[in-house]
Amino acid sequence: MEIKLENISKEYKNVKALDNINLAINSPAMIGFVGPNGAGKSTLMKIIMGIYQQDAGTIYLNGEKVNMSKPSVALAHGIYLVPQEPMLFPNMSVEENIAIGFSDKKKELHTRIVEIMDQLGWNIRLDRKANTLSIAEQQLVEIVRGLLRNANILILDEPTSSLTFNEIKSLFQLIEDLKKKGICIFYITHRLTEVFEIATHVAIMRDGMITLKGSVINFTKEDLIKGLLPPEAKMKNTEKTEDNIEYSKLKPAFETKGFSGYGFRDINIEVYPGEILGVAGVVGAGRTEFATTVFGMDEVKSGQVFLGGEDITGLSTRQVLDKGLNYVPEDRHLNGIFKIGEVGVNISSAFLRNSSKFFLNTKAEKQLADKYIKDFRIKVTGQDQIMGSLSGGNQQKAVIARVLSTSPKVVILDEPTRGIDAGARCDVYAIINQLKKQGVAVLLISSDFEEIVELSDRVVTMYQGRINYRFNKKQITLDNLTAASFGVYEEDAYEIGE
Amino acid sequence: MKLVNRILKAREISSLAFLVAMFLIVGAVNPTFLQVKNLFLTFNGSVVYILLAVGIAFVILCGEIDVSIGATLGLSAAVSATLLRDGSSWLAAIIAAIAVGVTIGLINGIGVTVFKVPSIIMTLGVNGVVRGSIYVYTNGKWVENVPFEFKALSQATFMNALTYFLLGTIILTVVVHFILTKTKKGRYFAAVGDNMSGATLIGIPVEGTKIVAYIACGIFAALAGLMYVSRVGFVTPTAGNGYEMKAIAACVLGGISLAGGVGTVIGAAIGSVIMSSISRVLVFLQFSSDYDNTITGILLILIVVADSLIQRRLAEKARRKRLSARTLEEVGGGSNE
């Protein structure tokens, strides 16, 4: 089996998701795809599976051109994708989940399924309902499903992101067995160490391009990290603004002690007034869960949160807001804006509660909105423009403006510049620096490490739900953050600066 | 033993228990309700609802809804009754009714899948259009004088107990149950409602399956319309008005989840018997049958709320379990501060 991708490109709304991808793989092989969020890994896999269609380029299987117009075409060619979140039918039994779509005799199918599972040395009751399975078991069911369909190319999209360590171990064993059977495996991961553990080949992706590919034996960890970094990265690292904060004189504005919740564990951080603490990591590292739990949107498991020395653990969102902590969510479309409301109303909506008893104080609201529209250079035709019609960058500025109207002491910004253009990005950075000058403590969550490098005074990196490293101002470099976030940082391996 | 276990676990069992309990309670208050003759009357009276519920079950299993079935019943009843009155053959009337059902189902299906109109809005709009066309078609008048032979059909009984209509409906329900649970394509309906993206991923034609579901729903509503003509003997422009709520409630009561993917048509049929007996039950308990719709509505809401609360609990539990699995048990790296 040979699969060859030629000049595959894909665009979303003028943003290049995939830029001229070329790749050829002969089975048996196990190729690891590594790259930061938004590098285009999943998009590429979905194109191979026929879920998306490429704008340009060709897919060849065994030298033959194939038009992957829909998943059933890919399935017919022996390609099977195990998605990041398993997509079983929760209300069907394991057996039904595997056998659906086949019209063979039930008994025959049953025998074949049992055979496959015996070969894999895997034991599970076939009459269990899928919604009683653990994530690992669901993934195994997905894999058996692929094997029953005689898959020659098995795509695993971040299979380990929600598995425990023992589960990962047995999954790797399974992959070794599949490799021996001659199946070609595409393996997407955030964890560089896994590549060296199980892959024969590797492809590093960044900004929709494959920046590095080949046999794993030809590369070291350092090579792979270089492939993950943007080419101009080195130069930026050398410049640092020197406005040192004297930590010894300050009391932290925000502090957590042994704070644990769903998706993160034992987080100890402190943020000082007028400081920006960067929280770096890859998606799924538990950063957003940490923020939402602090903000009273999810249950605290253990530990404490202090705001200006006062214990605010487990308070409701409204109470946390009143105490002076505010959160700008990751996905503003989902949580942040009133899309069909006017810009003015959007800005002043957080101020409403302090505004008056019963009737709205429209005049005060208007003044407030005007001030922020001017200060933040939000491009609008007027206060009455509908929020949903603004560009992403201007929406984001309006959301931050709303947060500021509550005069917070601590602000948590979650991916503040995701999906907005360069100009608006600079404006947002200016606003964040302005916050800092006003003495607000800022917690900056971002997967864009250049952003973290540019803005942060100190950085913590989160990896699999825990803080794995802390960096002071001098140590904040793209290399360090990338290595730590991908779980391969070694102290002293990367010297500071050049 | 295994079989007993499986039967006890089935969702339909609780609705059957509900039915039996309801009958026993009413029988305790008014023993005449449990007389064999009355029981048969009750069962025979539920054919129209059973057909509607089995039809809409296709759509609900897919995770969609159809609120136009009452109007579909009305239009197919009006069209077939008119043909019969004017001397057409039974076959012509049956074909015409089914054609009405197929057409409406196809329109609903295309609107929901191709044009991506939310199903509640699409079918609500179609409901208005179809109900309106009944008025246009009949000039707002009743369709009467349906031939006696056709009306007699609904009275014919098998061994003096079950009407042939009920018998046929039961057989049809069992056949549909077999198709939905035991055949490859039949499983597609529940699969689409259970996990739509998952269905796409393994090559199930999601849109095609939904269109077929709407057409099946339309055909069953048309069959219900034919039985309505035979049983009632005349058709008013409001025929079938509000039946969609009864059919949806019957499905939900029978264990079909409005979220899609869960439930059987056997359950829907049991739910229909409960729904159609409520008005008789009220009479036997010496309440006004005016409460019928109110009680149906309350039952519908209660069951759906309870079900969604349970589902939300389960989903939240699963999310937390997933997040916890991601977290390192031990501290992975050191600190270099």
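The values are calculated or read from the model by the stated rules, or taken from the named source; none is laboratory data. Quick caveat, the model's predicted, so the values are computed rather than measured. We place every Cβ from the backbone using ideal geometry, glycine too, and count neighbours over all the protein chains shown.
Quick notes on this structure:
- Cβ-Cβ under 8 Å pairs, at least 6 apart or on other chains, region B:108-128 side within 22 Å of B:G74 (Cβ to Cβ), far side part of a helix (DSSP H, G or I) and of a type in the set (K, R): B:G109/B:K210; B:V112/B:K210
- Count of residues meeting criterion [away from chain B (no Cβ under 14 Å) and assigned to a loop (DSSP other than H, G, I, E, B)] in region A:438-491: 7
- Flag for A:I188 being in contact with a helix residue (DSSP H, G or I) (Cβ under 6 Å, 6 or more places away or on another chain), within 14 Å of chain B (Cβ to nearest Cβ) and under 14 Å from A:G32 (Cβ atoms): no
- Of the helices (runs of 4 or more DSSP H) lying entirely inside region B:24-107, those containing at least 2 residues that are surrounded by 20 or more Cβ atoms within 10 Å (Cβ to Cβ) are B:47-61, B:69-85.
- Filtered residues of region B:122-150 (kept if exposed (fewer than 13 other Cβ atoms within 10 Å of the Cβ) and aliphatic (A, V, I, L, M)): B:V136
- Filtering region A:80-106 to residues that are more than 8 Å from chain B (Cβ to nearest Cβ) and either on the phi > 0 side of the Ramachandran plot or in contact with a helix residue (DSSP H, G or I) (Cβ under 6 Å, 6 or more places away or on another chain) (or both) leaves A:Y80, A:V82, A:P86, A:V94, A:N97, A:I98, A:A99.
- Some residue of region B:237-246 being in a helix (DSSP H, G or I), without any contact (Cβ under 8 Å) to a residue 60 or more places away in the chain and under 22 Å from B:L41 (Cα atoms): no
- Residue, modelled with the lowest pLDDT, within region A:153-194, restricted to residues that are within 25 Å of A:M92 (Cβ to Cβ) and in a helix (DSSP H, G or I): A:E167
- Qualifying residue in region A:61-74 (condition: more than 14 Å from every other protein chain (Cβ to nearest Cβ) and surrounded by 16 or more Cβ atoms within 10 Å (Cβ to Cβ)): yes
- For A:K107, the criteria (1) out of contact with any Lys or Arg (no Cβ under 9 Å at 6 or more places or on another chain); (2) closer than 26 Å to B:C62 by Cβ hold in every case but one, which is (2).
- Residue within region A:14-36 that is within 30 Å of A:E194 (Cβ to Cβ), within 14 Å of chain B (Cβ to nearest Cβ), in contact (Cβ under 8 Å) with a residue 60 or more places away in the chain and not hydroxyl-bearing (S, T, Y) present: no
- Which listed residue is more than 14 Å from every other protein chain (Cβ to nearest Cβ) and under 18 Å from the mean Cα position of the chain (by Cα), from B:L153, B:L180, B:L166: B:L166
- Filtered residue count, region A:75-96, keeping only those that are more than 29 Å from the chain's Cα centre (by Cα), under 22 Å from A:T43 (Cα atoms) and surrounded by 15 or more Cβ atoms within 10 Å (Cβ to Cβ): 2
- Matching residues in region A:264-276 - criterion: being surrounded by 23 or more Cβ atoms within 10 Å (Cβ to Cβ) and within 13 Å of chain B (Cβ to nearest Cβ): A:F264, A:R265, A:I267
- Exactly one residue out of B:A216, B:A259 is within 11 Å of chain A (Cβ to nearest Cβ) and either out of contact with any strand residue (DSSP E or B) (no Cβ under 8 Å at 6 or more places or on another chain) or in a loop (DSSP other than H, G, I, E, B) (or both): that is B:A259.
- The lone exception for B:F287 - which of (1) touching a residue at least 40 places away in the same chain (Cβ under 8 Å); (2) not in a helix (DSSP H, G or I) it fails: (1)
Residue-wise test of (1) surrounded by 16 or more Cβ atoms within 10 Å (Cβ to Cβ); (2) outside any loop (DSSP other than H, G, I, E, B); (3) assigned by TED's automatic domain parsing to the domain that holds A:V428; (4) not polar (S, T, N, Q).
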{"residue": "A:D298", "(1), (2), (3), (4)": "yes, no, yes, yes"}
{"residue": "A:S302", "(1), (2), (3), (4)": "no, yes, yes, no"}
{"residue": "A:L315", "(1), (2), (3), (4)": "yes, no, yes, yes"}
{"residue": "A:L321", "(1), (2), (3), (4)": "yes, yes, yes, yes"}
{"residue": "A:N326", "(1), (2), (3), (4)": "yes, yes, yes, no"}
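- Hey, A:G50 surrounded by 21 or more Cβ atoms within 10 Å (Cβ to Cβ), touching a Lys or Arg at 6+ places or on another chain (Cβ under 7 Å) and within 14 Å of chain B (Cβ to nearest Cβ) or not: yes
- Output for region A:126-152, where each listed residue is outside any helix (DSSP H, G or I) and either touching a helix residue (DSSP H, G or I) at 6+ places or on another chain (Cβ under 9 Å) or not assigned by TED's automatic domain parsing to the domain that holds A:M87 (or both): A:L126, A:D127, A:R128, A:K129, A:L133, A:S134, A:R149, A:A151
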